[in-house]
Amino acid sequence: LANRYSVQNIHHVWSVGDHYWKLAEQHYANPGLWWLIAWYNQKPTEGHVNIGDSIAIPLPLDRALKLFYR
């Protein structure tokens, strides 16, 4: 049995014009969940991300949220 908190990551290479809210909209259909991607990557603001950095998008959303709220 898989751990109920286990997540899979989609990796995104940060490029010009990227924003956390855009990634959240694309993967979660909710731009307001931008903070989850920031928290998961331990990069609290977009200023902490450099062009070429690999950003992990945790999925599925329900399990990713459980990581934060446990």
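Worth a mention:
- The set of residues from the range 6-21 being open to solvent by less than 60 Å² (accessible area, probe 1.4 Å) and either out of contact with any Phe, Trp or Tyr (no Cβ under 8 Å at 6 or more places or on another chain) or at pLDDT below 95 (or both) comprises Ser6, Val7, His12, Trp14, Ser15, Gly17, Asp18.
- Test: Ala24 is of a type in the set (A, V, I, L, M, F, W, C) and either open to solvent by less than 40 Å² (accessible area, probe 1.4 Å) or in contact with a helix residue (DSSP H, G or I) (Cβ under 6 Å, 6 or more places away or on another chain) (or both): yes
- Figure legend. Inter-residue proximity from the range 9-23: first residues outside any strand (DSSP E or B), second residues of a type in the set (A, V, I, L, M, F, W, C) and open to solvent by 70 Å² or more (accessible area, probe 1.4 Å), beta-carbon distance below 8 Å, spacing 6+ or different chains. Indicated pairs: Trp14/Ile51; Ser15/Ile51; Val16/Ile51; His19/Trp34; Tyr20/Trp34; Trp21/Trp34; Leu23/Trp34.
- Residue count for the range 37-70 satisfying the condition of being assigned to a helix (DSSP H, G or I) and open to solvent by 40 Å² or more (accessible area, probe 1.4 Å): 12.
- Trp34 being in a helix (DSSP H, G or I), surrounded by fewer than 17 Cβ atoms within 10 Å (Cβ to Cβ) and not charged (D, E, K, R): no
- Look at the range 40-69: where a residue is more than 10 Å from Val7 (Cβ to Cβ) and a partner is open to solvent by 70 Å² or more (accessible area, probe 1.4 Å) and aliphatic (A, V, I, L, M), sitting 6+ places away or on another chain with Cβ atoms under 9 Å, you get Ile51/Val13; Ile51/Val16; Gly52/Val13; Asp53/Val13; Ser54/Val13; Ile55/Val13.
The values are calculated or read from the model by the stated rules, or taken from the named source; none is laboratory data. Here the structure is a predicted model, which is why all the values come from computation and not from measurement. Ideal geometry is used to build each Cβ from the backbone, glycine not excepted, and the neighbour counts take in all protein chains shown. Surface accessibility is based on the protein's heavy atoms, side chains included, excluding ligands, DNA and RNA. Shrake-Rupley method; radii C 1.70, N 1.55, O 1.52, S 1.80 Å.
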